[in-house]
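Enquirer: One structure follows; several queries about it will come next.
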Amino acid sequence: MQSQIIEQGRSSAAPVPFGHFEGVHQHFRRPGQAPLVAIENITFDVKAGHLVTLLGPSGCGKTTFLKIVAGLIPASGGTIQINGRAVVEPQPDFGVVFQQANLMPWRTIQANVLFPMEILGRTDAAAELRARELLALVGLEGFEKSYPAQLSGGMQQRVALCRALIHKPKLLLMDEPFGALDELTRMEMQDLLLDIRAKTGATVMFVTHSISESVYISDIVCVFSKRPAVIADFIAVDLPYPRSAEIRYLPEFTELEHRAGRALGITR
Amino acid sequence: MRLHHVRNAFYPVAGIAIILVAWQFYTQFFAINRIVLPSPADIFWASAANWNVLLRESWPTFVESVLGFALAVAIGIPFAVCVANSRVLNLTLYPILIATQSIPKVAVAPIILVWFGLGMQSKLVIAFLVAFFPIVVDTAAGMRATPAGLLELARSLRASPLQIFLKVQFPAALPFIFAGAKVAVTLAVIGAVIGEFIGSMNGLGNLLLTANSQLDSPLAWAALVWLSALGVLLFGAVVLAERIVMPWSETGHH
Ligand SMILES: Nc1ncnc2c1ncn2[C@@H]1O[C@H](COP(=O)(O)OP(=O)(O)OP(=O)(O)O)[C@@H](O)[C@H]1O
Ligand SMILES: [Mg+2]
C-alpha cells in the first residue's frame, strides 16, 4: 500500500516538484522518558498551485509537520524541499496561518495585515492598497481602523488570512485555521479560501481533522495515521473547481469521504 | 461624560460622603479634642485658611515624586528589558535586586540624606528607589509574557531581534508596564514624604511634621489630605497616559 501511495504522490519523470518531502521524521526528547516519535516517515510531493490537506487524528503530528515545512522547527531527519531548495529556516515567501488568529491587540486591523510588510521592509502605498483590497475580499471593508478586540472570532481569522497573503506568498501554510469556527462560518471560509486560491494561484498546505472539509477544498488529501505518523492514504480529489456546497451531496464526494474515513480507521 | 461614568463615580463619592458625615458626627457628639482627632470641618477650614502654605509646600513634594518616578521609569524599563532578555544579566542582577528590595527604604533614607543632603535631591533619590522595583518587576514579567503565537509569527517572517522587541515584545508588555507604573507612582509620593520626614526644609511631609509638633492637628490633617490628593493626581496622570498610549485597551471594554 505504502509504495503505491508514494507513486501516486510523485509525478514520475516530471521536473522538480514544488514541494518535496522525503522520509521526514520527527522525535521529541523527553526528560526521563524515551523520546516521543511524533512523525515516523512522511514522503510525498506537492504540485505547484495545488491545495493539499493534511488530514489526521488529533496529536498525530500534523502541526509538527507543518511547522517543519514552515522552517519553524528543524526536522529530526529527512528531506524538505520547496521549489528545489532545502527548508532549514523560515522563508519570507511563505505565509502562515495558525490555529489561533494571533492578532496584535495594539494594532488596527489594517496595521495587523501590514505587519509582514513592515518586517520585510516593504511598506508603501501599494502595500496599503493591497491590504485594503484583501480586507474587502474577505468582507471586512470598513473595519480597517478597528482593533481586533472589536471583531468576532471568524472575522479575526479572516484578518489572519489577509495577513498571511499580504506579501504574496508562494506557499500558504494553514494549521486548522477554521477549527474554532462554527459550521456555517467555517463553510463560508472554505469557499473564501478557494476563491482566494483561484485568484492568487498560491500553493496551499492545509491542516484539518475534518474529513468533509478536507475533501471539499482539496486537490489532494494526505491522510496521516495515528502517531507515530506515516501516510495512511493519499487521495486525489477529482472534483472540478470552482466548487460549491452542492457537491457535498454528490456520490463521488461521499465516496471520497468514505475512503478518507477508512484511511483514518473510523469506517470500514 | 456618559451615564456609566456618572454611575461609576457615584459609589466612591457616596462612600466618602458617608464616612465624612459619620466622622463629623462622632467628633462633635463625643466632643473629641481636635488635637487628638480634628473633625472634617476643622480640616476643611485649616486647609482653606492655609491654602497658600499648602500649595507652596506641595510643590517640592510634587517635584520630588514626579522626578523620582520619571527616573525610575527611565532607568527601570531599559534595565528590565536587559534583565528579561539576557540570561546572564538575569542570573546576576535579579537576586541582587531582590536582596536590595528587601532592605526597608526607611532604613536607607538616613544614609541617602547623608549622601545627598537635606535638599530635594535626597527625596528624589528615595522616591526613585521605592518606585524602581515595581517598574522593573512588572516590565520584566511583561517581557516574558509575550504570546508564543506572536513570537512564532514574527519568526516565520524572519524578523530581527530588534524588530521582535520593538514590534512585538514591547507593545505586548505595555499593559504590564502601566500596571507597574501605577503602583510606582503612588510609592514615589510615599518615598518623597519619607525623605521629608527624616530631614528637610520644606514639602508637605515637612509641613505635616511641623504642624504635628505644634499640636496643630487640623493643619497636619490638611497636609495629609493634600498629600493623598497629590497621590491621586499623579495616579490619574498615569491612567491618562495609559489611555493615550494604549487606545486599544479601552475599546475592548465597551
Ligand atoms: N515541542 C514539543 N515537545 C515535545 N512533544 C511535542 C512537542 N510538540 C509536539 N509534541 C508531541 O508531538 C505529537 C504531535 O503533536 P502535534 O501538535 O503535531 O499534533 P497535531 O496532529 O497537530 O494534533 P491536533 O490535531 O490536536 O492539533 C503530540 O503527541 C505532542 O505531544
Ligand atoms: Mg495541531
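The values are calculated or read from the model by the stated rules, or taken from the named source; none is laboratory data. Since the model is a prediction, treat every value here as computed from it, not as a measurement. The accessibility values were calculated without ligands, DNA or RNA, using every heavy atom of the protein model including side chains. Shrake-Rupley method; radii C 1.70, N 1.55, O 1.52, S 1.80 Å.
Enquirer: Using a probe radius of 1.4 Å on protein heavy atoms only, what is the accessible area buried between chains B and A, both sides summed, to the nearest 100 Å²? Provide the component values of the computation, followed by the final result.
Expert: On the way: alone 14700 and 12880 Å², together 25490 Å².
Accessible area lost upon association: around 2100 Å².
Enquirer: Can you list, largest first and rounded to whole Å, the semi-axes you get for chain B by taking the square root of 5 times each eigenvalue of its Cα gyration tensor? Please list the in-between numbers first.
Expert: Values: eigenvalues 325, 128, 36 Å².
Semi-axes from the Cα gyration tensor: 40, 25, 13 Å.
Enquirer: So, with a 1.4 angstrom probe, what is the percent of accessible area on chain B that is carbon and sulfur? All intermediate terms of the calculation are to be shown ahead of the outcome.
Expert: Numbers: 10100 of 13620 Å².
The nonpolar share, carbon plus sulfur, comes to 74 percent.
Enquirer: So, one more: For the stretch A:67-221, what does the accessible surface come to per residue with a 1.4 Å probe? Please give it in Å².
Expert: 37 Å²
Enquirer: Here's something else I'd like to know. D for the protein assembly as shown, whole µm²/s, Stokes-Einstein with Kirkwood Rh over alpha-carbon pairs at 4 °C and 1.567 mPa s: what number? Write down the numbers at each step before the final one.
Expert: Numbers: Rh = 27.8 Å.
Rounded, D is 47 µm²/s.
Enquirer: Shifting gears a bit: Have a look at the stretch A:99-120 and report residues whose accessible surface goes down by 50 Å² or more when the remaining protein chains are included, against the chain on its own, probe 1.4 Å, ligands and DNA/RNA excluded.
Expert: SASA drop of 50 Å² or more in the stretch A:99-120: A:Asn102, A:Trp106, A:Phe115, A:Ile119.
Enquirer: Additional query: What relative contact order, as a whole-number percentage, does the stretch B:41-252 give when Cα pairs under 8 Å and 6 or more residues apart are counted?
Expert: Working: 271 pairs, mean separation 64.7, N = 212.
About 31 percent, as a whole number.
Enquirer: How big is D for the stretch B:152-254, in µm² s⁻¹ as a whole number, if Stokes-Einstein is applied with the Kirkwood radius of its Cα pairs at 4 °C and 1.567 mPa s? Walk me through the numbers before you get to the answer.
Expert: Working: Rh = 16.8 Å.
Using the Kirkwood radius from Cα pairs, D works out to 77 µm²/s.
Enquirer: Now a separate question. By how many degrees, 0 to 90 and rounded to 10, does the Cα axis of helix B:51-85 deviate from the longest principal axis of chain B?
Expert: 20 degrees
Enquirer: To the nearest Å, what is the center-to-center distance of the stretch B:186-227 and the stretch B:142-183, using C-alpha atoms only?
Expert: 41 Å
Enquirer: Quick one: with all protein chains in place, what share of the accessible area of chain A is carbon or sulfur, to the nearest percent (1.4 Å probe)?
Expert: Details: 6290 of 11870 Å².
The value for chain A is 53 percent carbon and sulfur by accessible area.
Enquirer: With contacts defined as alpha carbon pairs under 8 Å and 6 or more residues apart, what's the relative contact order of chain A in percent? Walk me through the numbers on the way to the answer.
Expert: Details: 491 pairs, mean separation 66.5, N = 268.
With pairs under 8 Å counted, the relative contact order is 25 percent.
Enquirer: Taking 0.36 nm per residue of sequence separation and subtracting the Cα-Cα distance, how much length would be gained by fully extending the chain between B:Ile35 and B:His4, in nm to one decimal?
Expert: Working: separation 31, 0.36 × 31 = 11.16 nm, distance 4.12 nm.
Working it through step by step, the gained length comes to 7.0 nm.
Enquirer: What residue among B:Lys105, B:Lys167, B:Lys182 shows peak mean-square fluctuation when chain B is described by a Gaussian network model with Cα springs under 10 Å?
Expert: B:Lys167
Enquirer: How much length would be gained if the chain were fully extended between B:Leu55 and B:Phe116, taking 0.36 nm per residue of separation minus their Cα-Cα distance, in nm to one decimal? Numbers along the way, then the final one.
Expert: Numbers: separation 61, 0.36 × 61 = 21.96 nm, distance 2.50 nm.
Difference between extended and current length: 19.5 nm.
Enquirer: With only alpha-carbon atoms counted, please give the Rg and Dmax of the stretch A:1-157, in Å.
Expert: 19.2, 55
Enquirer: Sorted by accessible area with a 1.4 angstrom probe, largest first, how do A:Ser58, A:Ser146 fall? All intermediate terms of the calculation are to be shown ahead of the outcome.
Expert: Working: A:Ser58 105, A:Ser146 20 Å².
The ranking, largest first, comes out as A:Ser58, A:Ser146.
Enquirer: Here is a further query. Would you mind computing Rg(Cα) / (2.2 N^0.38 Å) for chain A, counting N as its residues?
Expert: On the way: Rg = 18.6 Å, N = 268, 2.2 N^0.38 = 18.4 Å.
So chain A has a normalised radius of gyration of 1.01.
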